[in-house]
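First comes the structure, then the notes that go with it.
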Amino acid sequence: MTITQEKGVFIQRLFTAIAPRYDWFNRLASFNLDQGWRRRAVAASALQPGMRVLDVCTGSGDLALMCAASQAPGRGIVVGLDFNDAMLHTASFKSQGLELPVWWIRGDAQRLPFESQRFDRVFIGFSTRNLSQLETGLREMLRVLKAGGRLVILETGRPPNPVVRAVYFAALFTVARVVGWLVTGRLWPFTYLARSVKGFLRPEEMVNLLAACGARAGYQPLSWGIASLYVADKPA
């Protein structure tokens, strides 16, 4: 088994373990800021009713559901894709009884099961650092995006202020891990998540990678840089 395959197996195991309480962890660990960040991402997408939208690594579906709520009845469609059945089950449960144009599909972000130029908008929230092959995943998202479409990436951040950054990273390895343990009874998933945040690309590196993939990309720090918002436009 390759390192890439090993990471995929590990990520599957991780999210299966924490899926039932994933939303609780997000709210508590982010001091309830995470939903506001998602709303900023939807706003930055310039999403219009009637568009075709893909939310990659949809997880428990919060971002996909926000996008779906903006669609006019009978117009547009939102697809939430994830490769973890437990997370998709959670997302599907949350959408029950809602008359929203959203579909839940199991699939791999690095091999998207869609034809090229299928979607007007593509989102991915807090998951690019979990991809085994980041560049492959980004190129796939841009492939299924229509010419002139927009890819919006919401990810954990790297605060530019050294004091804020030090406090943030310290909190990841203490407060966030304790919250994760209290909510789920497990510690190891949140140790990985903290390490993945600290070891992820710097914002300028992410912008450069998106440019290398053929997109016009920009970066916006959220909440003092605790979260990062990337907007990448595919040339028309």
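The values are calculated or read from the model by the stated rules, or taken from the named source; none is laboratory data. The structure presented is a predicted model; accordingly, all values stated were derived computationally and were not measured. Cβ sites come from the backbone with ideal geometry, for glycine too, and all protein chains shown count toward neighbours. For accessibility, only protein heavy atoms count, side chains too; no ligands or nucleic acids. Shrake-Rupley method; radii C 1.70, N 1.55, O 1.52, S 1.80 Å.
Calculated from DSSP H runs of 4 or more alone, at -39500 (n - 2.57) each and per residue, what is the 222 nm mean residue ellipticity of the chain, nearest 500?
Working: 10 runs with 107 residues, N = 236.
Rounded to the nearest 500, it is -13500 deg cm²/dmol.
Could you give the size of the charge dipole of the stretch 1-125 about its Cα centre, using +1 on the Cβ of each K and R and -1 on the Cβ of each D and E, expressed in debye and rounded to the nearest 20? Don't jump to the answer; show the numbers that get you there.
Working: 14 positive and 11 negative charges, 37 e Å.
In debye, rounded to 20, the stretch 1-125 gives about 180.
Distance in nm between label sites at residue 181 and residue 208, each 7 Å beyond Cα in the beta-carbon direction?
3.8 nm
Give a quick list of trypsin sites (Lys or Arg not before Pro) in the stretch 30-73 that DSSP marks as loop, anything other than H, G, I, E or B, with at most 15 other Cβ atoms within 10 Å. Provide the component values of the computation, followed by the final result.
On the way: sites: 38, 39, 40, 52; in loops: none.
Filter output for the stretch 30-73: empty list.
Work through the residues other than residue 15 whose Cβ is under 14 Å from its Cβ and net out their charges, Lys, Arg +1 and Asp, Glu -1. Don't skip to the end; give the middle numbers.
Details: positive: 7, 13, 21, 106, 129, 186; negative: 23, 82, 85, 108.
Its environment carries a net charge of +2.
Where nothing but the Cβ of Lys and Arg (+1) and of Asp and Glu (-1) is charged, how large is the charge dipole of the chain around its Cα centre, in debye to the nearest 20? Numbers along the way, then the final one.
Numbers: 28 positive and 17 negative charges, 53 e Å.
The calculation lands at about 260 debye.
What is the percent carbon and sulfur in the accessible area of the chain, measuring with a 1.4 Å probe over the protein chains and ignoring ligands? Please report the intermediate quantities before stating the final value.
Numbers: 6390 of 11190 Å².
Of the solvent-accessible surface of the chain, carbon and sulfur hold 57 percent.
Which order do 205, 115, 155, 140 take by accessible area at a 1.4 Å probe, largest first?
Working: 205 85, 115 120, 155 0, 140 30 Å².
The ordering from most to least exposed comes out as 115, 205, 140, 155.
Please calculate how many Å² of accessible area the stretch 85-138 carries per residue, with a 1.4 Å probe and no DNA, RNA or ligand atoms counted.
Details: 2770 Å² over 54 residues.
I get 51 Å² per residue for the stretch 85-138.
Take the Cβ-Cβ distance between residue 92 and residue 117 as r, set R0 to 35 Å, and report the resulting FRET efficiency rounded to the nearest 0.05.
Numbers: r = 27 Å, r/R0 = 0.78.
The computed FRET efficiency comes out at 0.80.
Spin-label point model (7 Å from Cα, Cβ direction): what's the residue 33 to residue 6 distance in nm?
Placing both labels 7 Å beyond Cα along the Cβ direction yields 3.4 nm.
Extending each Cα 7 Å along its Cβ direction at residue 163 and residue 99, get the distance between those two points in nm, one decimal.
So the label points at residue 163 and residue 99 sit 5.3 nm apart.
Any idea of residue 136's accessible area? Nearest 10 Å², probe 1.4 Å.
Rounded to the nearest 10, the figure is 60 Å².
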